[in-house]
Amino acid sequence: MTRLVLFTGKGGVGKSSTSAATAQYWARQGFRTILVSSDPAHSTEDVLGQPVGFKPTPIANNFWAANINASTEAEEFFGELQNLMQDSFSKLMPGVDADMFTDWFNFPGMDEVFALKKILNLIVGSEYDLIVFDTAPTGHTLKALTCPEAIEGFILRILRMRAKVMNLKGFMMRRTDDLNPFVEFLENTRNLMLRIRELIRNPTHVQVNLVSIPTEAGYQECQRTIKFLKGLDIDVANVVINNLVPAFDEETWELAETNKAVALLKLERDNQQPYLSRYNGVTSALGIKLCGVPKFPFEPKAERLEDFGRVVCPNLILQPHHIITRTVTEKGTTVEIKLPFLSDVKLKKDGYYLDGEHYSYPHESGLQLKRKQKSTSHITLTYK
C-alpha cells in the first residue's frame, strides 16, 4: 500500500526528471498523484514545463505538483518556539534570553524536516493515492533523517530544566491537562518527529529510491547513502542509474576507428562498465533493484518526459494502490480509506484528527455522512 515514493541523490544526476516521470506515469495509470519538491533549485517547473506553486497545482488529469518552501516553514516554527519559550521562561527565570535555547534547536537539516511534515500531512490525508517526493540533494535529506533523535534530546533537556526549576519531581513521566502552551508545543513537536521516523522506516507505506550516475563520485555517494540509511533501519527499494551509453552492435562500434563521435561514445561506455558492475555488486547483496536508464538524445522534460517515464517506470519495484475505494448499493455509498497510524486517528463529526491536525472526510455529492467506523486497516464511511 505504497503512499509515498521518495527519490534522493546528489545534484545533477536526474533526480527531478526521474521523480516527475514517475509521478506522470502513475497518474496516467489512473492514480491520483501529486509530485512534491523540496529541492531549493525548484527544478520541478523546468522539468514539467509549466509554473508550479506552493499549493497543489493541476498539471494533467489525476496529476498535481507543488513546491515546498521548507525555509519559510522553519522560520514560522522558530518564531512560535521563541515566543512560547520567552513567555514560559520569563516567568520561571526572569531575565533569561530565549535565544539561548532556540539556538540549541537549529540543527543541520531542520528545513527538510518541515518538508517531511508537509509530506506527512499529505499521506494522512485522503486526497491522493500516491505522493512522489523529489527531495533536496542527498546531504540535506540525510541530515533531516537524523533530526528526530537530536530534537528529542533537545526537548528532554528543556523539559528537565523546566522540571528542576518548578521542582516537579516526576513531571516528565506524567501528562497532565494543565500543561502550558510551551510544553504542549514541545510534546507535539516530539510526536511529529517520531511519526516522521516511524513513517520513513515503514516500507508498507514508504518507498525510498536513490538516483545516481555511473561515475566515481556518483558511486561513492550512492554507497555512502545506502550504508547510512541501513544504519537508520531504512531500506532502499530501487537504485536508478541514469545516462548509461547503450550497447550498440559490433558494426556500430567498428565505426569508432574512423568516426570521432562514435569513438568518444565507445570510450564513455567502456568507462561506465566498471562502475555499473560495482553498483550491481552493492545492490544485489542487499536485495535492491538496480534500474539502468540509457542516455537519451533529448532532455527528458516537458513533452518528452513521457518518453523518459516509459523507460524508467516499468523497471522500478513499485505498485501503488487506490487510497479510497467506493461501493455503491441501494442502501447508500460505502467509502473505505486506507491510512497509516490508524490506531492514533480520532474520528470526529467534522473529520478525522491525528496529533491535532484536522483532515476532512471525502465529499460525496448529494449524500450525507451517516456513519463512521475505524478498524485496524481502514476507516469506513457510510453515506446516504
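Throughout, read-outs are computed from the coordinates displayed, never taken from laboratory work. Only a predicted model underlies this, so the values are computations on that prediction, with no experimental measurement involved. All Cβ positions, even for glycine, are placed from backbone atoms using ideal geometry, and neighbour counts span all protein chains on display.
Quick notes on this structure:
- P(r) for the range 204-302, from all Cα pairs and a bin width of 5 Å, is 2, 11, 21, 19, 16, 12, 9, 5, 3, 1, 0 %, short bins first.
- Taking Cβ atoms as reference points and 13 Å as the exclusive limit, the residues near Trp26 contribute a net charge of +2, counting Lys and Arg as +1 and Asp and Glu as -1.
- Under 17 Å of direct C-alpha separation, and excluding same-chain neighbours fewer than eight residues apart, Lys370 reaches these aspartates and glutamates: Glu330, Glu336, Asp350.
- Spin-label model, Arg157 to Val311: label points 7 Å out along the Cα-to-beta-carbon direction sit 5.0 nm apart.
- Sites Asp87 and Ser365 - FRET efficiency at Förster radius 41 Å, r taken between beta-carbons, to 0.05: 0.35
- Listing Phe7, Phe182, Phe341 from fewest to most neighbouring C-beta atoms within 10 Å gives Phe341, Phe182, Phe7.
- The distance from the alpha carbon centre of the range 258-330 to that of the range 353-367 is 37 Å, rounded to a whole number.
- Neighbour counts of other Cβ atoms within 10 Å put His322, His363 in the fewest-to-most order His363, His322.
- Full extension of the chain segment joining Glu198 with Glu250 gains 13.6 nm, where the gain is 0.36 nm per residue of separation less the Cα-Cα distance.
- Cβ-Cβ FRET estimate between His322 and Glu257, R0 fixed at 56 Å, reported to 0.05: 0.50
- What the Cβ-Cβ distance of Ser343 and Gln273 gives, at R0 = 51 Å and to the nearest 0.05, is a FRET efficiency of 0.55.
- The shape of the range 324-383 can be summarised by an equivalent ellipsoid whose semi-axes, obtained from the alpha carbon gyration tensor, come to 20, 13, 9 Å from longest to shortest.
- All Cα-Cα separations within the range 268-343 were binned at 5 Å from zero, giving a P(r) of 3, 10, 12, 12, 13, 12, 11, 8, 7, 5, 3, 2, 1, 0, each value a whole percent of the pairs.
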